[in-house]
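Data first, discussion second: the structure below is written as structure tokens.
The values are calculated or read from the model by the stated rules, or taken from the named source; none is laboratory data. All figures in this text were calculated on a predicted structure; none of them were measured in a lab. So basically every Cβ, Gly included, is an ideal-geometry build from the backbone, and we count neighbours across all protein chains shown.
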Amino acid sequence: MKCGIQLAVNGEERRVNVPPMKRLLDVLREDLHLTGTKEGCGEGECGACAVLMNGELVNSCLVPALQANGARLCTIEGVSTEGRLHPIQQCFLENGGAQCGICTPGMILATHHLLDKHPTPTLEQIQEGLAGNLCRCTGYMRIFEAVQKAAEAQHAI
Amino acid sequence: MRSDVTGYELNAPPSLQAVLTQIASEPGRHALIAGGTELMVALNTGRLASRSLISIQHLRELRFIRVTTDAVHIGAGTTFTDIRRKEIIARELPMLAQAASWTGSIANQNRGTIGGNICNASPAADTPPALLAYKASVTLLSLRGERTIPYEEFHLAYKKTALEPDEILYSVSVPRAYEGWRQYIRKVGTRNAQAISKIALAGLALVRSDEIQEIRIGAASLADRPLRCVGAEGAVRGRSVAQSDLEGTVRLGSAALAREAKPIDDIRSTAMYRSAVAANLLEEFLRQLSS
Amino acid sequence: MPEHDQIVGTSPLRKEGRAKVLGQAKYVDDLSLPGMWHGATVRSTIARGLIRTIHFAPEVDWSEFAIVRASDIPGENTIVHLTKDHPCLATQEVNHPEEPILLLAHREKAALLAGVASVRIDYDELPGVFTIEQSEQAVANNDAERIIWEGSDYGGTANCFKQYALYSGESGETEDSLAAAFETADYIVEGEYHTGAQEQLYIEPNGVIAECEKDAQGNVISVCVQGSMQCPYYLVHALTLVFNLPEGKCRVIQTETGGAFGGKEDFPSVIGSHAALLAMKCGHPVKMIYDRAEDMAATTKRHPSRTRHRTAVSKDGKLLGCEIEIALDGGAYATLSPVVLSRATIHAPGPYKWPFVRVRAKAVATNLPPHGAFRGFGAPQSLFALERHMDKVARVVGLAPEELRRRNFLATGDRTATGQLLDEPVDMERLLERALDESNYDAKLARFAEENRSSAIKRGMGIAAFMHGSGFTGSGERRLNSVVQVELLPDGRPQILVSSTEFGQGTNTILCQVAAQSLQIPYEQVVIAQPDTHMVPNSGPTVASRTAMIVGKLVERASTHLLDTLRAGSGLALSHTPEQFTKAALAYLDKHGSLRCSARYEPVRPVEWNDELFHGDAYPTYAWAVYVAEVAVDLNTYSASVTRFDALQEVGRIMHPVLAKGQIEGGVAQGIGYALYEKCVWKDGRMMNNQMTNYIMPTSADLPEIHVHFEEVPCVHGPSGAKGIGELPMDGPAPAILNAIENATGISFDTIPLLPEDIFVKVSGFTNPEHGGSGELDPDRLGEFLPEVNA
């Protein structure tokens, strides 16, 4: 039993026909061919699947497609503009915030969400904001620095 | 991903009334899914028993925080983020605000609801200890009408609640009665963030002239359901927390807590550890009442 | 070698970084091939036994599936590592939970769930052994029923994959000298130390896509596997045996890999062979991706260890001799255990001058899924034991921990326990001084001692001093015989051809830096090819902290060779602009068609190593380190956390400051996890906490500020003097942390992971019976994942 789901993904209206319990993660990756969002655990623990849904950070492996009907989504593909890196992406790139890169899309979206709510976050707020995104490579230090630099860069704009 | 999603039905009735109608016509057949932070994990791990689900995540009727003079009424569909963002909760019901802040990650707080947290009925759930201490009440709704019961009567056994098959949790109400009360809440998890509770304690006490006039204690992971520690409360109610009497009061409280708590060994922690830490948290709480 | 580094030593942008931050990097699960099917594995549900029958439930239409059994394997039913004891698919015997028995493929991924669930296997169970002690007991008791592994041509005996003995001199003489040393020592200090298994927990699980080409008669003529891995040529080798094909017909391509840490060193040989067999059977490309639960339960982990130290020491703190016994749990098959054991053995005496050393080491067989490579590869286990033990020795003698180290460090001109002459400068004393200084060690010790008196939170400081050998042991590099090529692309840009893989540690970036510097062109102008074994030579596996040093040096040589060729053949001037380089390159291509320059491994200096006796130059060089941990132990919750960490190391040359920092920080984070959080909970050989909710990795809220400090003493082996640093940071954190916890609480802990439950038992244990520690975790009570989850 499939159902029609309408989504605004990265500013574009998309329509898919999927089982209502299909994970939003799989809708993005399989039906919309947006493979930037990753699966790391399937339990909502690692944050690799994080996207912005109606402006809020969510783990897309835990969202059934039906509940995303009518939603406005931002995935990693929507963070840059016409190939121009968003300041967050630029700062991750310049400060070693991405090593193997698999956590990076989710981490960047979590950062996007954090800076949206806290434009000049303290270290504690950064730690809390990113605590749902596991990184096995960096030990988080380079990521914190990237986030702090991104906050400065955005503030300057 | 361990489930075939084509084997599940999910529909989203347009209104609360429609949901109540559906579950009244087929009681017990459907699982209600709000934010999905529990049920979707079950789906992912191949353990979602219920094949037919009803989504209530979109229902505006369930997502509210209404403040009256006596109480704060929180709709069952209110997310943890909603709770954290409500200034009056941070001010008057800090234990609840705190509990919401350490439930999962930001992403899970944006989706998880207080209703789901309560109805999933895990003994380790994060909001129940605070709600028990605050003497919250819960309003249950069905086509037959609504009823409000004390929250401490909601959990009947392991993962078994007072909800009838045709009922839905509508709201949680917390009295605005704690001005001047001392509040304490602490969670001990497997790590600092995004952790399931090994043990958590919420304590609420009214202290006048070094005497505990009234006290409420709620705990997670000390029983097969969230525990209102009436034994420990009874042992210290009316007792002194003056420096010279503190030792004695603590000892009585700890002993009573040890008697009523029945923690288990599981994959995360051990019964003895839970007991010991529960006693330490209780002591920490009582000591704070002394200062 | 260039006189001044202009590119090496700077921090250019990660070569593939832009794609990663854009979310455009393609990991194997992002890829699809036309007509692709999906594959899954039917695994043993018992630890040990004989397969009696296999039932396929009749409700399933099995004609839609491709089924691969051991009997379908065209070549040898083996996953080759060092020996051939590891079956590709079980035939009659199973020796560990999750052992692969059958493979299924189907057009639809979801159908595989039903498929796997519909295969029922009946076993005749046999008794298993699940710990080092149980495995040893079986041998000691001559218990034939519990001899689970018979022996091999690789130097194994019953239940024992491998044994080594390391003597600092001739064995007989050394035994005598040790006996004398213990006889006359002022103190004899004994200790036993345990480390648990650790899951690599790369955020991208194992996955591959395989294709198989057959001739008209249905014989396999070639296979191609792409996927997440560290060592494409290891998989090539595995495939040649499974399919009975020459190397040239087994093509392997590494896709963007989301973390590895050793967990994708040997394991891809298993999943790669499986997917290729399914492709063979179904006639379509087959994708196999493990989900997290399968990856954690079925793939390799760090070897658990037990190390016993017996040390003779004088009353002024001079180490007189040591007897060390190491036992590693290898799991059910040998895989890489002999090599892990070797590194554990060599690192066991640490950075100290021991007049006499004996190390006896063995890797035993248990009915657990085989353990494998994980960053550090035996050294974290040994160095944990050693550095905990050194604190104990210090206490017995009455010296401060740092003073005991000071009095016994190896220095320039000394020989290690294997007799290797340290003729490159080594200054551990200086590293120690600096580490203590950077971490404000003395002042904090004093302050904490005062504050602890009246606080429920006890704070403390601890140190660890250690080294890590870069590159393969002994003659390993010569055996690997690595080759690197640098060629010109049609547009004149140089392209590096190596089988060395990028998985976050910076391979692409540093090798391009080396090439760019050697060629005197901008970093941006250099390209590195995707590791495709049809295109790149075998530069050896991406392991053992060898890539920067060994492969980097080869890239330097090949690049230099290319530059010399352009100078000779195209009139390129000694000093050129990037444009002139391109012009010369194009001119050369115009004239000759192509240019590809090779470099093959040659030891920079002779490496003398005796594998039998463990004597000689164990590694080309070592990186040296002193780490300092600051901890807080909350005696209300018995939780220990690291509140600050200082990591100081001497690494030859920092090729890329940002990457180098990232490597150390990441390694320290994994070390903190190893010490305090990451426990594998086993039941009858099966990992029961095989989910991220229950296997606890530190989050950003759990880790302290990690301060990284470097020293550089260029070594001859690496480009610009670089040594390897990938694994070094794994060795120091655990012992430093437990030393700090002892400083904070006065209680000695000798087992990791150290959980609050364990601290609780010891803190309260003097009056209560031993119970409640993490050994009591109940693996059957999974909490939130109990089967009866419902609304």
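Answer yes or no as to whether C:Thr582 is assigned to a helix (DSSP H, G or I), touching a Lys or Arg at 6+ places or on another chain (Cβ under 9 Å) and β-branched (Val, Ile, Thr). Considered against the rule, which asks whether it is assigned to a helix (DSSP H, G or I), touching a Lys or Arg at 6+ places or on another chain (Cβ under 9 Å) and β-branched (Val, Ile, Thr), C:Thr582 comes out as yes. Can you tell me how many residues in the range A:89-103 are in a helix (DSSP H, G or I), touching a residue at least 24 places away in the same chain (Cβ under 8 Å) and either of a type outside the set (A, V, I, L, M, F, W, C) or within 8 Å of chain C (Cβ to nearest Cβ) (or both)? Residues in the range A:89-103 being in a helix (DSSP H, G or I), touching a residue at least 24 places away in the same chain (Cβ under 8 Å) and either of a type outside the set (A, V, I, L, M, F, W, C) or within 8 Å of chain C (Cβ to nearest Cβ) (or both): 3 in total. If A:Asn54 satisfies all but one of (1) more than 8 Å from chain C (Cβ to nearest Cβ); (2) crowded, with 22+ Cβ neighbours inside 10 Å; (3) at positive phi; (4) not charged (D, E, K, R), what's the number of the condition it fails? That leaves (2) as the condition not met.
Is one or more of the residues making up the range C:487-501 in contact with a Pro (Cβ under 8 Å, 6 or more places away or on another chain) and β-branched (Val, Ile, Thr)? So that I can check it myself, show each step before the final result.
Looking only at the range C:487-501, we keep the residues that are in contact with a Pro (Cβ under 8 Å, 6 or more places away or on another chain), and these are C:487-488, C:497-501.
Of the ones still in play, those that are also β-branched (Val, Ile, Thr) are C:498, C:501.
Taking every residue of the range C:487-501 in turn, at least one turns out to be in contact with a Pro (Cβ under 8 Å, 6 or more places away or on another chain) and β-branched (Val, Ile, Thr).
Pairs linking a residue in the range C:626-651 that is assigned by TED's automatic domain parsing to the domain that holds C:Gly721 to a residue that is of a type in the set (Gly, Ala, Ser) and assigned to a loop (DSSP other than H, G, I, E, B), with Cβ atoms under 6 Å and 6 or more positions apart or on different chains, are C:Tyr627/C:Gly732; C:Val628/C:Ser439; C:Leu635/C:Ala456; C:Asn636/C:Ala456; C:Asp646/C:Ser439.
Of the residues in the range A:141-156, none is out of contact with any Ser or Thr (no Cβ under 8 Å at 6 or more places or on another chain) and within 27 Å of B:Ala34 (Cβ to Cβ).
Scanning the range C:142-188 for residues that are in contact (Cβ under 8 Å) with a residue 40 or more places away in the chain, of a type in the set (A, V, I, L, M, F, W, C) and surrounded by fewer than 20 Cβ atoms within 10 Å (Cβ to Cβ) turns up C:Ala165, C:Phe182, C:Ala185, C:Ile188.
Answer yes or no: is there a residue in the range B:103-123 that is of a type in the set (D, E, K, R) and in contact with a Lys or Arg (Cβ under 7 Å, 6 or more places away or on another chain). Even if it seems obvious, please write down each step before you answer.
So in the range B:103-123, the residues of a type in the set (D, E, K, R) come out as B:111.
The next check asks that each one be in contact with a Lys or Arg (Cβ under 7 Å, 6 or more places away or on another chain); those that pass are none.
Looking through the range B:103-123, none of the residues is of a type in the set (D, E, K, R) and in contact with a Lys or Arg (Cβ under 7 Å, 6 or more places away or on another chain).
Inspect the range C:61-70 for any residue being in contact with a Ser or Thr (Cβ under 6 Å, 6 or more places away or on another chain), more than 14 Å from chain A (Cβ to nearest Cβ) and farther than 30 Å from C:Pro578 by Cβ and give the result as yes or no. Don't jump to the end; show me each part of the working.
Of the range C:61-70, the ones in contact with a Ser or Thr (Cβ under 6 Å, 6 or more places away or on another chain) are C:70.
If we keep only those that are more than 14 Å from chain A (Cβ to nearest Cβ) too, we end up with C:70.
Next, only the ones that are farther than 30 Å from C:Pro578 by Cβ stay: C:70.
Yes, the range C:61-70 has at least one match.
Would you check if there is a residue in the range C:232-244 being assigned to a helix (DSSP H, G or I), of a type outside the set (Lys, Arg) and in contact with a His (Cβ under 8 Å, 6 or more places away or on another chain)? No: zero hits. From the set of residues in the range C:595-631 that are of a type in the set (A, V, I, L, M) and outside any strand (DSSP E or B), which is farthest from C:Ser539 (Cα to Cα)? Going through the qualifying residues, I end up with C:Leu613. B:Thr103 falls short of the stated requirement of being within 14 Å of chain A (Cβ to nearest Cβ), within 27 Å of B:Ala49 (Cα to Cα), in contact (Cβ under 8 Å) with a residue 40 or more places away in the chain and surrounded by 21 or more Cβ atoms within 10 Å (Cβ to Cβ).
Here are some residues: C:Glu64, C:Glu76, C:Glu99. Which one is closer than 30 Å to C:Glu150 by Cβ, surrounded by fewer than 23 Cβ atoms within 10 Å (Cβ to Cβ) and charged (D, E, K, R)? Before you say what the answer is, go through the steps one by one.
Values: C:Glu64 fails: closer than 30 Å to C:Glu150 by Cβ; C:Glu99 fails: surrounded by fewer than 23 Cβ atoms within 10 Å (Cβ to Cβ).
Exactly one residue qualifies, and that residue is C:Glu76.
In the condition set (1) surrounded by 24 or more Cβ atoms within 10 Å (Cβ to Cβ); (2) within 23 Å of the chain's Cα centre (by Cα); (3) within 14 Å of chain A (Cβ to nearest Cβ), C:Lys287 is compliant with all but (2).
Taking the range C:35-62 only, how many residues are in a loop (DSSP other than H, G, I, E, B) and in contact (Cβ under 8 Å) with a residue 60 or more places away in the chain?
Taking the range C:35-62 first, the residues in a loop (DSSP other than H, G, I, E, B) are C:35-36, C:44-48, C:57-61.
Restricting the remaining residues to those that are in contact (Cβ under 8 Å) with a residue 60 or more places away in the chain gives C:35-36, C:44-48, C:57.
Number of matching residues: 8.
Picking from residues in the range B:116-165 that are aromatic (Phe, Trp, Tyr) and in a loop (DSSP other than H, G, I, E, B), the one that is farthest from B:Trp181 (Cα to Cα) is B:Tyr158. Starting from residues that are surrounded by fewer than 17 Cβ atoms within 10 Å (Cβ to Cβ) and β-branched (Val, Ile, Thr), keep the ones in the range C:573-623 and report whichever is farthest from C:Gln517 (Cα to Cα). Here the residue is C:Val604.
The number of residues in the range A:57-74 that are more than 8 Å from A:Leu24 (Cα to Cα) and either within 7 Å of chain B (Cβ to nearest Cβ) or in a loop (DSSP other than H, G, I, E, B) (or both) comes to 7.
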